[in-house]
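Peer 1: Can you read through this structure? Questions will come right after.
Please treat every number below as a calculation from the coordinates, not as lab data. Just so you know, these numbers come straight off a predicted model, no measurement behind them. Here Cβ is always computed from backbone atoms with ideal geometry, including for glycine, and neighbour counts include all displayed protein chains.
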Amino acid sequence: MTILEKYNELKTKDDLNGEDVMSFFPEFLSSLEIGNVQVVEYTDDQWIVNAWVKEAILLGFKFGELTEIKIGDWKFFDKNTLAFRDLSINDKVRIVPGGSIIRSGAYVAGGTIIMPPSYINIGAYVDEGSMIDSHALVGSCARIGKNVHLSAASQIGGVLEPVGALPVIIEDNVFIGGNCGIYEGTVIKKNAVIGTGVILNASTPVFDNVNGDFIKKEEGKTLVISENAVVVAGSRPVSSGKGVAENIHLYCPVIIKYRDDKTGKSISLEDLLR
């Protein structure tokens, strides 16, 4: 019986309780951690949410009991269903000393480098060759592709609820600059570069200075940053109200160009670090 079949059998129970969930949850977390179960999958040229995976994660929050968790000399207090991921040297993940945590139910591929302190939450998927720098967050259910550089203090939001909503997705070979924030299911397509301090969410209009258009979230969808786009922080003047006279500007990220050889050289990942 597959883990999905076990989940479907579990949720049909009229008297579902913590004991039922605890008998299912360890195998479910293990399936997430080895990548057999994923929150999102790329199918027919689009990202599709496996809503049942989010539903199963939420069962862990609902039925888990608060417990003491020890990691060395440190004490934490969390649900007994949602502890921390226990890695070994065989996982080939480099975690530099200093206080990083990978929560149980997160997939982190071999070749990943995690600088302290960083946090990778349940349901997240971090593919091979990526760098998670200091003070960076990979939120619950977020998807990080291959060879992504997530610079210091950048925040990749999750989106655990609603269960049908697309989480934040960072595709392969993307560079995220320091102090960036990517939220509300934003999708960053392959090879894009997000400059230092850029904030992107579903309600953020992004101006494409190359093509002269605003990129906005489509109805029922999310904000998508195109392949090879180089995005920097910018602003635009308000068009109505008293702010016009005062020359007030609103925040507006700008696609300043599309990635070329010069851009690639300036943000390329250094193989020697690996």
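Peer 1: For the stretch 179-205, which positions are part of a strand (DSSP E or B) and surrounded by fewer than 18 Cβ atoms within 10 Å (Cβ to Cβ)?
Peer 2: Keep residues of the stretch 179-205 that are part of a strand (DSSP E or B), which gives 181-182, 187-188, 193-194, 199-200.
I199 - this is the single residue of the stretch 179-205 that is part of a strand (DSSP E or B) and surrounded by fewer than 18 Cβ atoms within 10 Å (Cβ to Cβ).
Peer 1: Also, I was wondering about something else. Could you tell me which residue of the stretch 67-113 is surrounded by the fewest Cβ atoms within 10 Å (Cβ to Cβ), considering only residues that are over 25 Å from M22 (Cα atoms) and among the aliphatic types (A, V, I, L, M)?
Peer 2: Per the stated criteria, the residue is I89.
Peer 1: Just to be sure, is A165 surrounded by 19 or more Cβ atoms within 10 Å (Cβ to Cβ), small (G, A, S) and in contact with a Lys or Arg (Cβ under 9 Å, 6 or more places away or on another chain)?
Peer 2: Values: surrounded by 19 or more Cβ atoms within 10 Å (Cβ to Cβ): no; small (G, A, S): yes; in contact with a Lys or Arg (Cβ under 9 Å, 6 or more places away or on another chain): yes.
No: the conditions fail for A165.
Peer 1: A further question follows. Pick out, from the stretch 1-91, the strands (runs of 3 or more DSSP E) lying fully within it that include 1 or more residues that are touching a residue at least 12 places away in the same chain (Cβ under 8 Å) and within 19 Å of G158 (Cβ to Cβ). I'd like the intermediate steps shown before the answer.
Peer 2: Values: elements: 40-43, 46-49, 66-71, 74-79.
Of the strands (runs of 3 or more DSSP E) lying wholly inside the stretch 1-91, those with at least 1 residues that are touching a residue at least 12 places away in the same chain (Cβ under 8 Å) and within 19 Å of G158 (Cβ to Cβ) span 40-43, 46-49, 74-79.
Peer 1: Any residue at all in the stretch 130-147 that's surrounded by 24 or more Cβ atoms within 10 Å (Cβ to Cβ), charged (D, E, K, R) and within 13 Å of the chain's Cα centre (by Cα)?
Peer 2: So far as the stretch 130-147 goes, yes, one or more of its residues are surrounded by 24 or more Cβ atoms within 10 Å (Cβ to Cβ), charged (D, E, K, R) and within 13 Å of the chain's Cα centre (by Cα).
Peer 1: Within the stretch 132-149, can one find any residue that is touching a Gly at 6+ places or on another chain (Cβ under 9 Å), touching a residue at least 60 places away in the same chain (Cβ under 8 Å), over 17 Å from V93 (Cα atoms) and not β-branched (V, I, T)?
Peer 2: Yes, that holds for at least one residue.
Peer 1: Then there's this: If A56 meets every condition in (1) touching a strand residue (DSSP E or B) at 6+ places or on another chain (Cβ under 7 Å); (2) on the phi < 0 side of the Ramachandran plot apart from one, which number is that one?
Peer 2: (1)
Peer 1: For the stretch 106-145, name all the residues that are farther than 20 Å from V163 by Cβ and not in a loop (DSSP other than H, G, I, E, B). Step through it out loud before you land on a result.
Peer 2: Start the filter on the stretch 106-145 by keeping residues that are farther than 20 Å from V163 by Cβ, which leaves 108-120, 126-137, 144-145.
The answer is V108, I113, I114, Y119, I120, V126, M131, I132, L137, I144.
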